[in-house]
Structures are given as C-alpha cells and as structure tokens.
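Taking it in order: structure first as structure tokens, then the write-up.
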Amino acid sequence: MDFDVAIVGAGAAGISATRYLIAKGLKTIILEASSRVGGRAWTIDIAGNPLDLGCGWLHSADRNPMVGYARENGFKVIESRTAWLDQWRDLGFKADDQLQAKRAWDALVERMHKAPPISDLAADALEPNGRWNAYCQSLSSYLNGASLERLSVEDFLAYDSSASDANWRIAEGYGKVIAASVPLTTLKLSCPVRRIAMRGDGVEIGTERGLLTARAAVVAVSTSIIASGAIEFDKHVDSHIEAAADLPLGLADKLFFELTGKHGLEPETHVLGNQNDSKTGSYYIRPLGRELIEGFFGGAGAVAIEEMGLRAAFSFAEEQLADRLGSKVRRHLRPILASCWSRMDWIGGSYSHALPGKASKRKTLAQSIEGRLFFAGEATHPTDFSTAHGAWESGIRAASEVAAMLAFDIAGR
C-alpha cells in the first residue's frame, strides 16, 4: 500500500481528519482537487482587510472547538455581539414592524417545535397568508441557504435545539485559521480524484495524476460533488450517493463594498434591504470597525445575484443600500469582492440542508462502507451541519473510526 489513509478533500473536515491520523502515526495523504485548501472556508486579503467569502462566524461559540484552537494558534477571537438582526436607526423598517417580524419568526419556530407538520415541510408551518412570511423566508435563506419549501422540519430542529446564540469572529479571518492548520507535507493540490474503488484489503484511488492505494480512505467533499458523479464509486456506495442528493447544498453568497470618504456610517451596524422581499440582501456595516459593507444573500436571493452577474449584483445591492441609507451613500461605495459558490469548482454550493423527510440521511452519509471507506464533512454532522466546526468535528469522528479499524486489523494479524 502507498498509504495507510487517503483523505479526499482539504476543507475543514479533511484537514482535521489528517491531523488526527498523523498524530496516531499513520501515513496519510490529502488529495485536494483545487489549487488551495480550506474548501468553503476562504479568507482573501483585499483593501487591507481579511474578507471571509465563506464561513465567517464562530457559531455556538461557547462550545465551538475552533475557539480554543484559534486562540492556541495565535489568532484573535472577537467576542462581540452580532448586529445581524438589528436595523440601524430603524431605517425603512420601523421598530414596531421589527418586533412583529421577529415575533412571526419566533412563532414559526415554536410551531415547528410544538406541532411540526406531518409533511416535515417547513413551509407548512407558516401562518397562511402571514404578513411576515417573506421575512421568515429570508431568514431561512440566510440560515439554511434554502427556502422553507425545501427544508425538513426535523433537520431544522436538530440544529436549532443544539445551537446557542453566541456568535464570535476571528480578526484575521476564519478561512485563515482553517488553511493554517493543514499539514503541508501530506498535501497534494490540484489533484482531482476521479474514482475510488475497493481492492482487497484497501482502496484504489484514481486521480488525474495517476493511481494510488491506501488501506482506507476518508471522503471529505461536499454533497454536491458526491451526488454529481464527479467521483466514480463502486455500486455499494449508491446509498451514500442518494443520501448526498437528499442533503443538497443550499446557497449563500457575499459581496463586499469598500467605504470611502466621510460617509457617517457607524461601526458594527446593520440594515435589511427590504423586509418584504424574501430575496433581499442583508448588509453588515463596518464589521469590526473596518471601512466595509458586507452584503449577504441566501437561497433564492443568492441564486438571483449569481444569475444576474457581478455588475448587476453590485448595482442591486447599491440600490437597496441607497434606499435605506440615503442616495448620498452611493458616492462612498466601491465594489471590491463577491462570492459565487454554486459555480465554484469542486464545491458547488454553500452548506447542506435536508429535504423534507430526509433528515435521517445525515446518519446514512456518515456510515462507513466495509470498514475501508469513510465519510466526513458538515453534512454528516447530526446537529452542527452547515458550520465549519461541524465539519471539523466530523473529520475527527471519521478519523477516529479509521484509526480504530486499522488498529483492529493490526491486532488481528
């Protein structure tokens, strides 16, 4: 065998799995299709600022393992309160309406907890013709990357019941923490895996650079890639491919404006573009005091800005900001960066959600096959899916299963 373990994918899950296995003394390699590490954790430095195109918040920070890891490795964790649900100066969204909208969302979540629809379809828990249904749909798009019509109630509740309200940040960027953690000596970039096959007491992996063998493999790629057929598997992986299709990646995109001149905008503030539009952008103003506005779009809103193209997307966001902040803000906005996750090669979206009736497929996807093929990634986590720390923990879970299996093999001989 060339290796004890081959890891397919150098995102948070693949990196944590590799670190665990190397610490156990196992010869391990990471095969990454793209030219960078981190997957959906990606920090880019522009205009003197670290911008997270993917994950940017340490969700459930009071129990998030990445908090301690970041601090131990010299990164600065910011424990400030998030302004995402606020509306700066109540601009275009009166205080009473904000309160009513929040109550509508809370009532929706309560109905899902106390009287979940038999259909498991989250949209069926909406108040018929409810005044704030579009607002609730926009929140679902940010949280899940998908509308309530595509969301399993059971899956939503698994996350909601486990998550806390503590959401912190990393000054240098979340993506940098993930990227800095990869063991470079075991990494092959720009090395797409095209086939994984069982062979005797191990696996054979076909890459665009040739074949290699390992005693076991951990597949740590997105559900979009597994379901798409980009990697060819043996027939007995069909149940996992079907599970991946039932756990599709939703879509969430960001676009960033640099702020110039004397704009008068306060740091750590926020405005919602249009509370009556489920596709609206959500705009974080001067995060961490930086001269930026971070626009966030989810679900149908993210699909819309990707389809309209970069120039039109920035124009749409500028229109919403001008409507809320006044037309004079236009002179202070300079477009600098945007994500386009659905079109990102070897990823194909943002974070997973279970389709109605399919929440159990997370457990299916997390199961190993014949003690040789293991699966990791945020979609395999039972409660912290859609997060970087969930992906990280899933990598450790899969790696511990691999290590136990290999130790058993050795003991058996």
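The values are calculated or read from the model by the stated rules, or taken from the named source; none is laboratory data. Computed from a prediction, not measured in an experiment: that's the story for all the values here. With ideal geometry, Cβ positions are generated from the backbone for all residues, glycine too; neighbour counts draw on all protein chains shown.
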- Right, G299: under 15 Å from the mean Cα position of the chain (by Cα) and under 21 Å from A12 (Cβ atoms) or not? no
- Message: Need a quick list: helices (runs of 4 or more DSSP H) entirely within segment 310-413 having at least 2 residues that are of a type in the set (A, V, I, L, M), over 30 Å from T269 (Cα atoms) and in contact with a helix residue (DSSP H, G or I) (Cβ under 7 Å, 6 or more places away or on another chain).
- Response: 361-366, 388-412
- State all residues of segment 55-98 that are without any contact (Cβ under 8 Å) to a residue 24 or more places away in the chain, closer than 20 Å to T43 by Cβ and in a helix (DSSP H, G or I); if no residue qualifies, say none. G68, R71, E72
- Query: What is the residue count in segment 40-77 for residues that are out of contact with any helix residue (DSSP H, G or I) (no Cβ under 9 Å at 6 or more places or on another chain) and β-branched (V, I, T)?
  - Reply: 1
- Count - residues of segment 281-309 that are surrounded by 21 or more Cβ atoms within 10 Å (Cβ to Cβ) and part of a loop (DSSP other than H, G, I, E, B): 2
- Query: If only one of L26, L51, L21 is surrounded by 15 or more Cβ atoms within 10 Å (Cβ to Cβ) and either assigned to a strand (DSSP E or B) or not aliphatic (A, V, I, L, M) (or both), which one is it?
  - Reply: L51
- Note on the structure: Exactly one of A61, A101, A70 is in the same structural domain as A134 (by TED's automatic domain parsing), on the phi < 0 side of the Ramachandran plot and among the aliphatic types (A, V, I, L, M), and that one is A101
- Task: Name the strands (runs of 3 or more DSSP E) wholly inside segment 127-232 in which the number of residues that are farther than 30 Å from A104 by Cβ and touching a helix residue (DSSP H, G or I) at 6+ places or on another chain (Cβ under 8 Å) is 3 or more.
- Result: 210-219
